[in-house]
Amino acid sequence: MYQYDVLDRTIVAERVSQFRDQTARRLAGELAEDEFRPLRLMNGLYLQLHAYMLRVAIPYGTLSSGQMRALAGIARRFDKGYGHFTTRQNIQYNWVKLEEAPDILAALAEAGMHAIQTSGNCIRNTTTDQFAGAAADELEDPRPWCELIRQWSTFHPEFSYLPRKFKIAVSGAAHDRAAVAVHDIGLHLVRSGEGNVGFRVLVGGGLGRTPRLARAIRDFLPKRDLLAYLEAIMRVYNLHGRRDNIFKARIKILVDSLGTEEFARQVEGEFRAMHEFGYAPETSPAEIARITAQFADPVHKRAEAGGETLDRQRAENPDFDRWVRTNVAAHKRAGQAIVTVSLKPVGGPPGDASAEQMDAIAELADRYSFGEIRTTHAQNLVLPHVREADLFAIWQALGRHGLATANLGLVSDIICCPGLDYCNLANTRSIPVAQRISERFADAGRQAEIGPLAIKMSGCINACGHHHVGDIGLLGVDKKDGGEGYQMTLGGRADEDGALGAIIGRAFSSDEVVDAVETVVGTYVANRRDGEDFTATYRRIGAAPFKESLYAADQG
Amino acid sequence: MSDAFRKAVTANRLADGAVVYLTASGGWSTEIDDCRIAADEGEAAAMLALGEEAAARQLLVGPYLFDLAGDDGALRPARLREAIRARGPTTGSSLRFQAAG
């Protein structure tokens, strides 16, 4: 894992000190809210429905066990004993007091953490594949490049006041687990015809009010040119991006209005000019080597395949067998495995973890996974490097802390924003609907029978719950009678086969929505052919059968 | 009575962000049951002015008026958003804001 150097530690410590001073001035009445608001937002501090909310950065979703313990300590000392892992691989605390926020930032700094780039119109925390450095299908570990982007983008003076927030995601594997197509810039590590590894560059993806899949502007970018090319994209956006209308300020709108070809032409022009006039940022091979060395592969001295023992454990424990099938992924090294810890227990708020659970995961990471933990954009946690031979012990330990739910990628593994229970922007609640859906489908056997299915849910059009790219998407809307409504989209997906879901019909009331989800699931199961996932069935049969089953009563 | 004019003033307390309500004595309470209820536009405007004054003195953030509904004996926030602010998240845990002390 990357360790902060003196420079990193200095700028984080200085930021804490600045914010302590700003907060003291605010509490003393020397700063008005209009003056203070942008300052607190630059430190991830929002004012939500019930209290302040602090969003803490987890750069590219990688955490050490020590950092996880620090997060648990903050949950205990400054919050109500829990935290909420977000759809951007970060963590939020919902019950923060302004007067204590500087102390929280100081506690984070002690653990090499901060809340920089978690809010405001800057380049936000770069996200990536939660299996980075471990996945069997990986071309190269994307994290050194994420770290390079972090160093380049943090406090970059030219890109600190962009027209709007800006999100970058990087994937290094054949299967895109980082949803790069719905980011402002998506980077996909690929191999060229000549055998070199570089980046395929996508721009203008995003969800929210105007959902767009990102469009490719470079099929192959040599690694050494990454920062220069990113800077060229940012410069074109900073120059032409709209600042007069917040709803049209994201880069996706600029790419729409210029056209992909013209946008690419301008980026290439800036990129050439940088080299011609000698102001291109250089990525020195020595610096990349220095960063890459810190992501060296941890290897168990006695990596041990599960073998007959694992087979027997699975045969004797159907629940363990189910968990292995859903929550354990193939590792690039024989005898090792990747464990995803579900934060979606039946009836629980998706993504929440108690301080005790965070400590338990830190303990398991130390014991079994080189002290390394990942967060996922699907709001789960990962132990990336475990021995197959330890899987049974890990599963048992997780079970003691309510963390052994075997539902990864299944109908109850719902991505869900905080919604109206916490968020100032939301139209409707999200978490209680997710809780009711997971209770409806609580039976593990039934979930396994249904198979992989992504339900994603947002409480407002800002789409923090990624509803546009769910097999089943739910968007909270105000109903005319003042009640909560849920608009359903079908057929979305966020991977390399990305698609935006289509609205199926009128919105459902809160009382109707869980039945509606069950109807869609039933229609899918009844119509699917052997081995077909939801997307394949939906694309083959179209929306009509779903519409008929959902709105049959309306016709009568 | 349900259509009668009924409004109260709420805000977040600066130091800890807690949801507070203007009371009849001119103070600020974390309990919605303590809130002063405006019976007409004039009273509501005067109450909001008190909120803005408290915000100017850096005690509060973002005061505003919200509607109440129901009978006099059982008034409640007219909108779900305000009900959640008053009673806490509806996610099943006991997560209501704990007043200091």
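Readers should treat all values here as calculations from the given coordinates under stated rules, not as data from a laboratory. What you see is a predicted model; the values in this text were computed from it and never measured. Backbone-built Cβ (ideal geometry, glycine too); neighbour counts: all protein chains shown.
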10 Å beta-carbon shell around residue A:384, net charge (K/R +1, D/E -1): 0
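Give the order of A:540, B:13, A:314, A:302 when sorted by the count of other beta carbons within 10 angstrom, beginning with the fewest.
Values: A:540 11, B:13 21, A:314 18, A:302 7.
Listing A:540, B:13, A:314, A:302 from fewest to most nearby Cβ atoms yields A:302, A:540, A:314, B:13.
Quick check: convex hull of the Cα atoms in the range B:7-87, volume per residue, rounded to a whole Å³?
On the way: hull volume 6.6 nm³, N = 81.
So the per-residue Cα hull volume is 81 Å³.
Compute the Kirkwood hydrodynamic radius of the range A:96-143, taking the inverse of the mean of 1/r over all pairs of distinct Cα atoms, and give it in Å to one decimal. Walk me through the numbers on the way to the answer.
Values: mean 1/r = 0.0739 Å⁻¹.
Over the range A:96-143, the inverse of the mean reciprocal pair distance is 13.5 Å.
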Mean projection area, nm², convex hull over Cα of the range A:158-218: 5.2 nm²
Computed over the protein assembly as shown, Cα set: Rg, Dmax in Å: 25.3, 80
Charge dipole of the range A:63-149 about the Cα centre (unit charges at C-beta), most positive-ward option of A:74, A:139, A:86: A:74
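Helix by helix, which DSSP H runs in chain A go 30 Å or more along their axis at the Cα atoms and have an average Kyte-Doolittle hydropathy of -1.0 or more?
Numbers: long enough: A:6-27 (31 Å, -0.50).
Helices meeting the span and hydropathy rule in chain A are A:6-27.
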Helical contribution to [θ] at 222 nm, DSSP H n ≥ 4, -39,500 (n - 2.57), averaged over chain A, rounded to 500: -12000 deg cm²/dmol
Charge dipole (debye, nearest 20) of chain B; +1 at Cβ of Lys and Arg, -1 at Cβ of Asp and Glu: 460 debye
Principal axis dimensions, largest first and in whole angstrom, of the range A:415-555 by Cα: 44, 36, 29
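Need the full-extension length gain, residue A:277 to residue A:311, defined as separation in residues times 0.36 nm minus the C-alpha distance. One decimal, nm.
Working: separation 34, 0.36 × 34 = 12.24 nm, distance 6.32 nm.
5.9 nm is the gain from fully extending residue A:277 to residue A:311.
Could you calculate the contour length gain from residue A:443 to residue A:174, that is, 0.36 nm times the residue separation minus the distance between their Cα atoms, to one decimal place in nm?
Working: separation 269, 0.36 × 269 = 96.84 nm, distance 3.24 nm.
Taking residue A:443 through residue A:174 to full extension adds about 93.6 nm, to one decimal.
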Net charge of neighbours whose Cβ lies under 11 Å from the Cβ of residue B:14, counting Lys and Arg as +1 and Asp and Glu as -1: +1
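Please work out the FRET efficiency for the pair residue A:9 and residue A:37, using the Cβ-Cβ distance as r and a Förster radius of 41 Å; give the result to the nearest 0.05. Write out the running numbers ahead of the final one.
On the way: r = 28 Å, r/R0 = 0.68.
Plugging the Cβ-Cβ distance into 1/(1 + (r/R0)^6) gives 0.90.
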Largest-first principal axis extents, alpha carbons of the range A:6-110, Å: 40, 36, 24
Residue A:257 paired with residue A:544, simple spin-label distance in nm, labels 7 Å along Cα-to-beta-carbon: 4.1 nm
Efficiency of FRET from Cβ geometry, residue A:77 and residue A:496, R₀ 45 Å, rounded to 0.05: 0.60
Fewest-first ranking of A:385, A:156, A:300, using other Cβ atoms within 10 Å as the exposure measure: A:156, A:300, A:385
Cys residues of the protein assembly as shown counted as unpaired, since no other Cys beta-carbon is under 4.7 Å: A:122, A:146, A:416, A:423, A:460, B:35
Fully extended contour minus Cα-Cα distance, from residue A:220 to residue A:265, at 0.36 nm per residue: 14.7 nm
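Count, for each residue of A:48-55, the Cβ atoms from other chains sitting within 10 Å of its Cβ, then give me the mean as a whole number.
Working: counts 3, 10, 12, 7, 6, 1, 0, 0.
The shielding value for this peptide is 5.
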Number of partner chain Cβ atoms within 10 Å, mean per residue of B:14-21: 6
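Take the cross-link list A:167/A:248; A:332/A:456; A:344/A:480 and give me the ones stretching past 24 Å between alpha-carbons.
Values: A:167/A:248 16 Å; A:332/A:456 29 Å; A:344/A:480 32 Å.
Listed pairs above 24 Å: A:332/A:456; A:344/A:480.
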Relative contact order for chain A, counting Cα pairs under 8 Å that sit 6 or more residues apart, in percent: 13 percent
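By per-residue mean of other Cβ atoms within 10 Å, what is the highest-first order of A:245-254, A:289-298, A:506-515, A:124-133? Could the numbers behind the result be given before it?
Working: A:245-254: 19.3, A:289-298: 13.5, A:506-515: 16.8, A:124-133: 26.8.
Descending mean neighbour count gives A:124-133, A:245-254, A:506-515, A:289-298.
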Residues with amide H under 5 Å from that of residue A:453, placed H, sequence gap 5 or more: A:410, A:411
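Return the calculated 222 nm mean residue ellipticity for chain B, to the nearest 500 deg cm²/dmol, obtained by summing -39500 (n - 2.57) across DSSP H runs with n ≥ 4 and dividing by the residue count. Numbers along the way, then the final one.
Working: 2 runs with 24 residues, N = 101.
After summing the helix terms and dividing by the residues of chain B, the value is -7500 deg cm²/dmol.
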Average Cα contact separation per residue, the range B:7-87, under 8 Å, 6 or more apart, as relative contact order %: 31 percent
